[in-house]
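These notes are about the structure you will find just below.
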Amino acid sequence: MTRETAYCFGADLGGTKLAAAMADARGRIVAELTEPTDRRGGAYVAEQIAACADKLAQAVGIEVTRTRHVVVGVPGAIDPRTGRVSQIPNIAGLQDFDVLGYLRGRFGPDVAIENDVNLAMLGEQALGCASGCHNAAFLALGTGAGLGLLIDDKLFRGARGAAGEIADLPIARDPTSHIPSTTGAFELEVGSLAIVDRYRRQGGTAAVTVHDIFRLLEEGDEVAASVLDTTARWVALAVVTLQSLLDLELIVFGGSIGVRPELYERVRKALPALFSRPITIAPSQLGNRAGLIGAVCAAAHALRQNPISMSGLDR
């Protein structure tokens, strides 16, 4: 039986999988699990998150009531005034359900919902390549595009929690067009579906997924090389935009596409011709665990700051 009196719980919710971990007040993970996200969405997903905490508490041999602080990352924007989730198309019904209220009903008031890429940024600052950084960004590139911003050592969320919704950056879109944009212009150029579509439009026939394109690149496919060159140019323009506005110490590349050296190295080589000052970029060290690590670190920090929760903790 553990001597700790208080624990924290972190979760990283994605469209296809849910990763969760129980940790002590020092942020040391004592149990974790990963399972497919409940396809029914909404309330079912919220219940699934709570059920994961129950499973992990049981695995550790404690009552779940000893879980004092909870942080959950979700792939959407969270309004800091209301805690409501928006811009979350990959999980049905979640923006219409009060996830925060439900979890506080299960765990008490010390529950926070945070954007998943924001938490990935915190994870990289705590245990990854952004250690020691006070002004940095985490650029997630995969099915879509997302951005977590660390400004003056704090997450920057914006007035409505939508800071970092980089999918809407008007890169590659004709600024004089009178056609309204229903999908973010940047995401339409660098998301996984866009990359595969570009490959097909350029005459490629052997790829169904982006991973196919990476494989074909290794085999010398010229269309695959051209497609990634184009994608890298759009990403490099986004990086230059971020740097010109925010003067960041580091921009971390993450997500299933962003960490790939085939894209990352192309972006790195394109930057000097686009910007007069050096820009430091680096691939994520934590990979697909960055969001979960960030959630655990945020929950553990909140736990340590709460003297009531920490009362009696074995130091």
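Laid out as a table, the results:
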| quantity | calculated |
| --- | --- |
| Cβ pairs under 6 Å, 6+ apart, first in region 259-272 and closer than 21 Å to ARG215 by Cα, second surrounded by 19 or more Cβ atoms within 10 Å (Cβ to Cβ) and hydroxyl-bearing (Ser, Thr, Tyr) | VAL259/SER284 |
| Matching option when the condition is part of a helix (DSSP H, G or I) and open to solvent by 10 Å² or more (accessible area, probe 1.4 Å), among GLY27, GLY105 | GLY105 |
| Only one of SER192, SER226, SER244, SER256 that is over 22 Å from the mean Cα position of the chain (by Cα) and within 23 Å of ASN118 (Cβ to Cβ) | SER244 |
| Single residue of GLY15, GLY61, GLY93, GLY83 found to be farther than 26 Å from GLY184 by Cβ and of a type in the set (Gly, Ala, Ser) | GLY61 |
| Region 119-169, residues that are assigned to a helix (DSSP H, G or I) and open to solvent by less than 20 Å² (accessible area, probe 1.4 Å) | LEU119, ALA120, MET121, GLY123, GLU124, ILE166, ALA167 |
| Residues satisfying the stated conditions in region 216-225, i.e. part of a helix (DSSP H, G or I) and either out of contact with any helix residue (DSSP H, G or I) (no Cβ under 9 Å at 6 or more places or on another chain) or of a type in the set (Ser, Thr, Tyr) (or both) | GLU222 |
| Leading residue by the ranking (least open to solvent (accessible area, probe 1.4 Å)) among those in region 40-87 that are hydroxyl-bearing (Ser, Thr, Tyr) and more than 21 Å from ALA300 (Cβ to Cβ) | SER86 |
| Residue in region 1-9 that is within 28 Å of GLY255 (Cβ to Cβ), crowded, with 18+ Cβ neighbours inside 10 Å and among the hydrophobic types (A, V, I, L, M, F, W, C) present | yes |
| Of the criteria (1) among the hydrophobic types (A, V, I, L, M, F, W, C); (2) under 21 Å from ALA167 (Cα atoms); (3) surrounded by fewer than 21 Cβ atoms within 10 Å (Cβ to Cβ); (4) touching a residue at least 24 places away in the same chain (Cβ under 8 Å), which one PHE275 fails | (2) |
| Whichever residue in region 247-263 is among the charged types (D, E, K, R) and assigned to a loop (DSSP other than H, G, I, E, B) and, among such residues, is surrounded by the fewest Cβ atoms within 10 Å (Cβ to Cβ) | ASP247 |
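The rows are residues; the columns are (1) crowded, with 21+ Cβ neighbours inside 10 Å; (2) among the aromatic types (Phe, Trp, Tyr); (3) part of a helix (DSSP H, G or I).
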position: THR205; (1), (2), (3): no, no, no
position: VAL208; (1), (2), (3): no, no, no
position: VAL227; (1), (2), (3): yes, no, yes
position: THR230; (1), (2), (3): no, no, yes
position: ALA238; (1), (2), (3): yes, no, yes
position: LEU245; (1), (2), (3): no, no, yes
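The values are calculated or read from the model by the stated rules, or taken from the named source; none is laboratory data. Keep in mind that what you see is a predicted model, and the values were worked out from it rather than measured. With ideal geometry, Cβ positions are generated from the backbone for all residues, glycine too; neighbour counts draw on all protein chains shown. For accessibility, only protein heavy atoms count, side chains too; no ligands or nucleic acids. Shrake-Rupley method; radii C 1.70, N 1.55, O 1.52, S 1.80 Å.
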